[in-house]
Amino acid sequence: MKIVTLDGPSGSGKGTVGRLLARELNFNYLDSGLLYRAVAILVIENCIALSEVNNIEGIARNMNLEFSSENNKIFLDGIDVSNSIRTEEISIVSSKVAQLKSVRAILHEIQRGYLKGNGLIADGRDMGTVIFPDADLKIFITASPEARAYRRHKELLGRGESVSLRDLERSIASRDRSDSERKISPLVPAVDAIIIDTSNMTVEEVKDKIVKHYRAT
């Protein structure tokens, strides 16, 4: 079974590209970030402190997250969280949840369960380094902080959220540091990953470039 991993920082475009690749190649698709975001939602809703690791572990084990590829709807325990799961508040908390070693271990097992069907497009931050180190093709997608902030700003405005572009730039820089410097599964390219800078590329251009690499494997 073929595996293509897409790692990279927030706002690099790997999610959009990943869904396009999955459709083109008829592969299953894993957006690992949604799992951490789902835990973050339940942590906030249940007023659980990040120090209450046992409770967060229970949330990670028992939550039911479903994604509808037909309409891009996301359901958490039967409730539509398509909009709330993408907010900046959830982004910040999910980044902190991702630093909890035992919670990551639980979610890692769930992520490996997505390997089925014709193959898998796995999108995240440690897909090629930790979850699927033997993947057939490893891609590290990046972009300048300015490009990523602009994309995120446009996305949030499209959902009716009011947010400062400068604040987003600071938030992205802070998350980059947190993701790259954390002791557990830091955000780094796999040694055998192909690095693609999407700052000045369209989504289709990125997708086509990855498909070419995949066909060559």
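The values are calculated or read from the model by the stated rules, or taken from the named source; none is laboratory data. Only a predicted model underlies this, so the values are computations on that prediction, with no experimental measurement involved. Heads up, the Cβs are rebuilt from the backbone with ideal geometry, glycines too, and the neighbour counts pull from every protein chain shown.
Against the test of being out of contact with any strand residue (DSSP E or B) (no Cβ under 8 Å at 6 or more places or on another chain), surrounded by 15 or more Cβ atoms within 10 Å (Cβ to Cβ), at pLDDT below 90 and not aliphatic (A, V, I, L, M), the options SER95, SER162, SER174 yield a single qualifying residue, SER95. Considering only residues in the range 43-57 that are part of a helix (DSSP H, G or I), more than 16 Å from ASP77 (Cβ to Cβ) and touching a residue at least 12 places away in the same chain (Cβ under 8 Å), the one that is nearest to the chain's Cα centre (by Cα) turns out to be GLU57. The residues in the range 71-95 that are farther than 17 Å from ARG152 by Cβ and in contact with a Ser or Thr (Cβ under 8 Å, 6 or more places away or on another chain) can be counted, and the count is 4. Candidates in the range 12-37 are the residues that are hydroxyl-bearing (Ser, Thr, Tyr) and either over 10 Å from the mean Cα position of the chain (by Cα) or part of a loop (DSSP other than H, G, I, E, B) (or both); of these, the one that is farthest from ILE196 (Cα to Cα) is TYR29. Residues in the range 79-90: is at least one part of a helix (DSSP H, G or I) and under 23 Å from ILE3 (Cβ atoms)? No, the range 79-90 has no match at all. Close Cβ contacts (under 6 Å, 6 or more residues apart or on different chains) running from residues in the range 145-163 that are closer than 11 Å to GLU88 by Cβ to residues that are at pLDDT 85 or above and not in a loop (DSSP other than H, G, I, E, B) comprise ARG152/LEU168; HIS153/LEU165; HIS153/LEU168.
Taking the listed residues ALA60, ALA40, the one that is surrounded by 14 or more Cβ atoms within 10 Å (Cβ to Cβ), within 14 Å of the chain's Cα centre (by Cα) and of a type in the set (Gly, Ala, Ser) is ALA40, with no other qualifying. Inclusion of LEU6 among residues that are part of a helix (DSSP H, G or I), at pLDDT 95 or above and either in contact with a helix residue (DSSP H, G or I) (Cβ under 8 Å, 6 or more places away or on another chain) or within 26 Å of ALA143 (Cβ to Cβ) (or both) is not warranted.
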